[in-house]
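Beneath this line is the structure, given in C-alpha cells, with notes to follow.
The values are calculated or read from the model by the stated rules, or taken from the named source; none is laboratory data. These figures come from a predicted structure and were not determined experimentally. As a convention, Cβ positions derive from the backbone with ideal geometry for all residues, glycine included, and neighbour counts pool all protein chains shown.
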Amino acid sequence: MQNQPIIRLLIAERLEIIRLGLRSVIETQPAIQILGEVDCFEAAYNQAIQQSPDVILLDLALDVGHCIEQIPKLLLACPDVKILAFSSENDEEFHLQVISMGVSGIVSKSQTVQLLLKAILAIHNGEVWFSNELTKLLWQTHECFPAYPIAPPLLNHKECSLACLASQGLSIKAISTRLFISEQTVRNRLSVVYEKLHVKSKVELALKADCLGFCKSPDHSRDWDKCTEK
C-alpha cells in the first residue's frame, strides 16, 4: 500500500448533503486525496485546470443536466483526467450518450460505498466501469469495422502501437514515457487516430480494439525515436 500512488479526486456534486457524505467516507481512505468539492460544472472545469486531479466524480445532474455536453470540453483541457459519472438515472440510453462524451465509467448513486470506491480505483488504473447491462448494450449498439488479421490499413504501425496503449487506458504521460516521445506528440498523434477510426474517447477505442486488431500488430514502439516530431 505504501508504494500505491495517491488518487487525487475532485468531487463535483450539486447537493451539499451528498458532498458531506462522500467526504466523510472518502477521507477514511488512505489511497484517495480529496482536492476539493464543487457544486457546478464551471467550478469543476476551473478546479480541474488548476489542480489536475486524477479522477473527477461528476454528478450528471450538475447545472440541471446541462453539464453532459460540456464533458468533451473538460477532457480537451485536461486530457489525463478520468471522469467517473455519478448518476441517479436508470435510463441506459441516456448513459450511452454520456459514454459517448468520453467518461471512463458510470456509477449509480444507489450503489454501495464499497462499489463507488472500487469504481474510483478501477478507472484510475485505466479500466472502465459500467454495469453489465450497459456493457451489453454498448456491444449491441456500437458499430464496428470488419476484423483484420493484423491491423487495419487505416493505421500505420506507429499509430497501431499508440492506439493499443491508449485503448488499455494509459494516460498521455504514461504513453509519452513508454514511447519516448513528448506529451504533445502523443496528443497530436492520438487525435489523428481518433479521426481515422471515428471515435471520440479511449472507451470507444477500447471497444473497437478487438475487431480492429491494432493490439495484434507487431510492437513498433521503438520506431518512435526515429520520428522527427519530438
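Quick look at the numbers
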quantity	calculated
Helices (runs of 4 or more DSSP H) wholly inside region 140-230 containing at least 1 residues that are modelled with pLDDT of 75 or more, more than 17 Å from the chain's Cα centre (by Cα) and not assigned by TED's automatic domain parsing to the domain that holds Lys82	157-167, 172-179, 183-197
Those residues of region 180-191 which are under 20 Å from Val103 (Cα atoms) and free of Cβ contacts under 8 Å to residues at least 40 places away in the same chain, in sequence order	Val186, Leu190, Ser191
Residue within region 88-96 that is farther than 22 Å from Leu15 by Cβ and in a loop (DSSP other than H, G, I, E, B) present	no
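Results for (1) under 22 Å from Ile6 (Cβ atoms); (2) free of Cβ contacts under 8 Å to residues at least 24 places away in the same chain; (3) in contact with a Pro (Cβ under 7 Å, 6 or more places away or on another chain); (4) exposed (fewer than 13 other Cβ atoms within 10 Å of the Cβ), shown as yes or no for each residue.
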position	(1), (2), (3), (4)
Gln29	yes, no, no, no
Ile34	yes, no, no, no
Ala48	yes, no, no, no
Val64	no, yes, no, yes
Ile68	no, no, no, no
